[in-house]
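Take a look at the structure below.
Read-outs throughout are calculated quantities, based only on the coordinates presented, and are distinct from any laboratory measurement. Keep in mind that this is a model prediction, so the values were computed, not measured. With ideal geometry, Cβ positions are generated from the backbone for all residues, glycine too; neighbour counts draw on all protein chains shown.
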Amino acid sequence: MTTTTQRVLLCFCSLIAFFSNIVTPEDVGSNNCSSSTLTIQELSSQLQKAIQCPENLTSQWGNSETATVLNSLITLTDILQKNEKAVCQKVEPKECPAALAQSKGGIVCVTINNKRYCKPLCNQGFDFAFLRISRLYEECSKDTEYKWTTQYIGGNKLAVCQKSSHPIAGGEKTYFAKDCLTTKSNSTLENQLVKEFVSQLESKDIKGTPQHSCLICG
């Protein structure tokens with residue numbers, strides 16, 4: 001089983017366990033959006049249980065049940081990713097299109113003096129397709145005609161991360177310690193990442209009050 005499949009199963013295992021406590025047979029097929037309240041604390045608790053003891057939840061699943069779980073989680077993941085990416089779309093300058101976070105990594109972005117700066121980062125075990133040692137960030141502003149200064153022509157994709165056992169293409173602090181979602185799930189790590197980026201910008205004489213900071217995972 002691939003790592004991706006394992007992570008998908010583990011995540012949805014917790015959701016199955018959680019929803020089984022609040023959904024009755026009569027509820028199946030009906031709209032239950034207002035019938036129960038889900039809290040992040042309860043859901044996180046079930047996630048941890050699923051991660052620690054996955055066999056307890058999957059040992060009685062057949063191929064059909066596994067496929068149903070995977071299909072449901074893929075749908076839920078798509079919804080969550082769309083919501084997560086929308087957070088950074090309404091920022092200054094408004095004329096700039098939203099930068100796309102690359103798969104197997106993410107981008108940390110801030111606005112300073114009405115200029116948008118984004119730094120791509122790759123997950124552990126991945127590296128940039130092009131050298132970025134001297135290319136810390138990409139910019140979108142009036143100076144760039146509200147287009148991203150990207151190595152990729154005609155779009156908002158700032159970088160590509162590909163599998164690599166020896167990442168060497170990126171510059172200082174352009175790799176996640178583990179992966180983007182792990183960092184984003186910890187507010188302390190996320191805030192530290194933003195502060196590091198602002199500090200790096202200041203070292204390049206880009207100074208001002210940072211606004212609209214965010215981390216987007218691909």
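Of the GluC sites (Glu not before Pro) found in the range 116-218, those that fall in a DSSP loop while having at most 12 other beta-carbon atoms within 10 Å are 145, 172.
Applying a threshold of 28 Å to the alpha-carbon distances of 94/178; 142/184; 147/173; 147/178 flags 94/178; 142/184; 147/178 as lying beyond it. Take every pair of alpha-carbon atoms less than 8 Å apart whose residues are at least six positions apart; their mean separation over the length of the range 105-217 yields a relative contact order of 38 percent.
Taking other residues whose beta carbon is less than 11 angstrom from the beta carbon of residue 169, and scoring Lys, Arg as +1 and Asp, Glu as -1, yields +1. Here the range 105-217 carries DSSP beta bridges of which approximately 90% are antiparallel, counting only pairs with both residues inside. Under the shape rule built on the C-alpha gyration tensor, where the axes satisfy a ≥ b ≥ c, the range 161-218 is oblate, since a/c reaches at least 1.5 while a/b does not exceed b/c.
Please identify every one of the chymotrypsin sites (Phe, Trp or Tyr not before Pro) in the range 114-144 that sits in a loop by DSSP and has no more than 14 other beta carbons within 10 Å of its own beta carbon. For chymotrypsin sites (Phe, Trp or Tyr not before Pro) across the range 114-144 that sit outside H, G, I, E and B with at most 14 neighbouring Cβ atoms in 10 Å, the list reads 130.
Relative to the Cα centre, the charge distribution of the range 105-217, modelled as +1 at Lys and Arg Cβ and -1 at Asp and Glu Cβ, gives a dipole magnitude of about 100 debye. Computed over the alpha carbons of the range 105-217, Rg followed by Dmax gives 13.5, 39 Å.
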